[in-house]
Amino acid sequence: MSSPPLDLVTSLQEATARLNAMLFNYVGALQRDAPPQLLKQGDVLVGGAAAGHSYDVQAQTEVMSKDLLAGLQELEGLIQQLPAPAGSTEGEEVAAAVMLLQQNAAAAVDLQAALSAASTKLVQLQDAHGLLAEVALAKPTAVATGLAAAACHSRVSARNFSSKAGAPSPRAVHVMSAWRSLLQRPAAVLLGTAAVSAGVWATQSEWRRQQHRPLQAASGAADPSPSARSTSCSATAAAGEDVGLAPYVPRLVLEAGAGMIPHPAKADRGGEDAFFICERGYAMGVADGVGGWAEVGVDPGLYSRELMRHANAATGTCQPGPNCPQHLLEVAYLSTAARGSSTACILCLENEHLHASNLGDSGFMIVRGGELLFMSPQQQHEFNFPYQIGSQDSMSDTPAVAQRFSVEVKPGDIVVAATDGLFDNVYPDEAASLVAASKERGETAQVAAVSLAQFARMRAADPTHLSPFAYGAQQLGYRYFGGKMDDITVLCAYVVPADSSGSIPGGGARASGALPPAAKL
C-alpha cells in the first residue's frame, strides 16, 4: 500500500479536529442556552416563564445540524481520496482485517494464560520465602553464617579460588564450604542482606556526621553527640563576642513583627510552627514542623522551635551577605538535637539586597507599591509532600538542597515570610494587598502580620472558598474544596532606613518566642 500524500493526511487531521470542535461547542451551547423545561404541570420556572424566552432552539439546532453534516461530508470526501492497497479488493481487505482480529484474540488468550501461571508461581514463591524466613528466625546461627559468608566472599578475589598449580587454595576451600552450607538456608541470605543494608545505612549516617564536624568547628556549633549537646546553646549565644566580627552598620533594616495562630487541635501544645526575628534587624525565619511525627509519639513542634532558636543564636556568627541565610540554616540544622523534621525559610537583609534560603513549602514574598514584586516557589517531592530537614533518624533532605535567592529591595518595601498555613489559604496577590493596606493605614508591621494571619485563619475555616491548596489538589485530580486548617505563622517586615547607630528606629525587633500580647491569638 502506497503512503498517502502528507497534505492529504494534514487535511484529514484538520477536518477531524474541526468536527470534534463543532460537536463539543454545539452540545455545550445547547446545554447552556436551551430554556428550562417544566417537568410537570404546576411547576414554577425560576427566572421567568419559558414562553418569554427569546432563544429559538429549533432554528439553532437546524443550523448546527447543517454545519455538522457539511463537516462529515468533507471528511468522507478526504477518506475517498486515500489510495487503495495495490492488487487487493475490498473483500480481501475485510478478510485480512478479520484474520488480524482473530490473531489478536488468540494472542490475548495466550497472554492471559501466561499471566495466570506467573501469578500462581509468585504466590508459591511468597509462601516458600515466608516458611524459610520462619525457619531462619528459629535458628539465629543461620543468620550469623550468612553474614560471615557474605563478608568473607566480599574479600576473596577470583585468583584466590585456584593456585598456580590449578588446585583450590585453602582460603577458597573455606569460602566454598561456607557458601555450600549457606545455600542450604536461602532465608539466611535474605536476612543477611537486610542486616548488611542496615549496616551500610548506619555507616553512611556516621560518615555524614563526620563530614559535618569541620563546619561545626568553624561556626561554633556544638557537636551533636550527647556529651556536647548541653553546651550548644551557650556556645552560639556568645558567638557574637567570641568570633570577633567587625562591627556592621547597616543602611537598611527590617522593622518586623509576627502573628501565630496554631491549629485548633494543636493549640494546647503551642502548634508546630516556629519563627525568629533577629534583634539586630537584619534576619528572620520561619519553620513548620512535620505533623507526621505525632503518629510515633514525638511532638513535631520541638524540632522546629529548637531549629529556629539555634538559627537566631547563630546570627552572631556571620555578617549579612549572600551566604548568611544558608549559614544560619546549616548551623541550626547541625545544632538541633530534637527528633523530628521541618521546613524552613531564613531571610537576611544586606542593605539593598534581601538574601534567602528556602527549603520546603514555607516561603516569602516582597511587596512594593501595593503589588507583588517577588514570590518564592515551593519545594515539594510531590503534592503535599514538601522538602524538609530533620534529625538523623528522619531520612529527610539536607540544607544543601535549599533554594537560595538574592532580590534587590528599597525603603518602603514589605517582606512577608510565612509557613504554608498562609500560602495554602491566601493567594499571593490577596496577601500583598492586605499588608500594603495595613501600612497605608499607618499600622505597624506587628499589626499587619496579625491581621494577615487572622485573614488566613478565616479562609482556612471557609468550606466554600476555592483556596490555593484546593485549586492545586483539583489540578491533580483530587476532590477537595474549601480552606486547609493548619498552623499559621506570618512574619511581616517593613524595609526602613536605619538610624545613625545602625539600629531599628523606635526600638528593636522581637526574638523568637517573645510574641507581644497582640500576637497571641
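Within segment 276-298, take every residue that is open to solvent by 40 Å² or more (accessible area, probe 1.4 Å) and of a type in the set (Asp, Glu) and give me the one that is farthest from Gly321 (Cα to Cα).
Per the stated criteria, the residue is Glu295.
Quick one: what pairs do we get from segment 393-408, first residue β-branched (Val, Ile, Thr), second in a helix (DSSP H, G or I), C-beta under 9 Å, 6+ apart or different chains?
Every condition considered, the pairs that remain are Thr398/Arg208; Thr398/Glu330; Thr398/Tyr333.
Output the helices (runs of 4 or more DSSP H) that fall wholly within segment 402-488 and possess 3 or more residues being in contact with a strand residue (DSSP E or B) (Cβ under 7 Å, 6 or more places away or on another chain) and crowded, with 16+ Cβ neighbours inside 10 Å, or say none. Even if it seems obvious, please write down each step before you answer.
Numbers: elements: 420-423, 428-440, 445-460, 468-475.
Filter on segment 402-488 gives 420-423, 428-440, 445-460.
Using the structure shown, decide if Gly472 is within 24 Å of the chain's Cα centre (by Cα) and of a type in the set (Gly, Ala, Ser).
In short, yes.
Hey, among Ala519, Ala493, Ala514, which residue is aliphatic (A, V, I, L, M) and at pLDDT 95 or above?
Details: Ala519 fails: at pLDDT 95 or above; Ala514 fails: at pLDDT 95 or above.
Exactly one residue qualifies, and that residue is Ala493.
Go through segment 339-375 and give me each residue that's assigned to a loop (DSSP other than H, G, I, E, B) and either surrounded by fewer than 20 Cβ atoms within 10 Å (Cβ to Cβ) or over 23 Å from the mean Cα position of the chain (by Cα) (or both). Don't jump to the end; show me each part of the working.
If we filter segment 339-375 for residues that are assigned to a loop (DSSP other than H, G, I, E, B), which is where we start, we get 339-340, 351-352, 360-362, 369-370.
Selection gives Arg339, Asn351, Glu352, Gly369, Gly370.
With His263, His327 as the choices, which residue is under 24 Å from the mean Cα position of the chain (by Cα) and surrounded by fewer than 21 Cβ atoms within 10 Å (Cβ to Cβ)?
Working: His327 fails: surrounded by fewer than 21 Cβ atoms within 10 Å (Cβ to Cβ).
After applying the criteria, what remains is His263.
The values are calculated or read from the model by the stated rules, or taken from the named source; none is laboratory data. A quick note: this is a predicted structure, and the numbers were derived from the prediction, not measured. Please note: Cβ atoms are built from the backbone with ideal geometry, for glycine as well, and neighbour counts cover all protein chains shown. Surface areas here come from the heavy atoms of the whole protein model, side chains and all, with no ligands, DNA or RNA. Shrake-Rupley method; radii C 1.70, N 1.55, O 1.52, S 1.80 Å.
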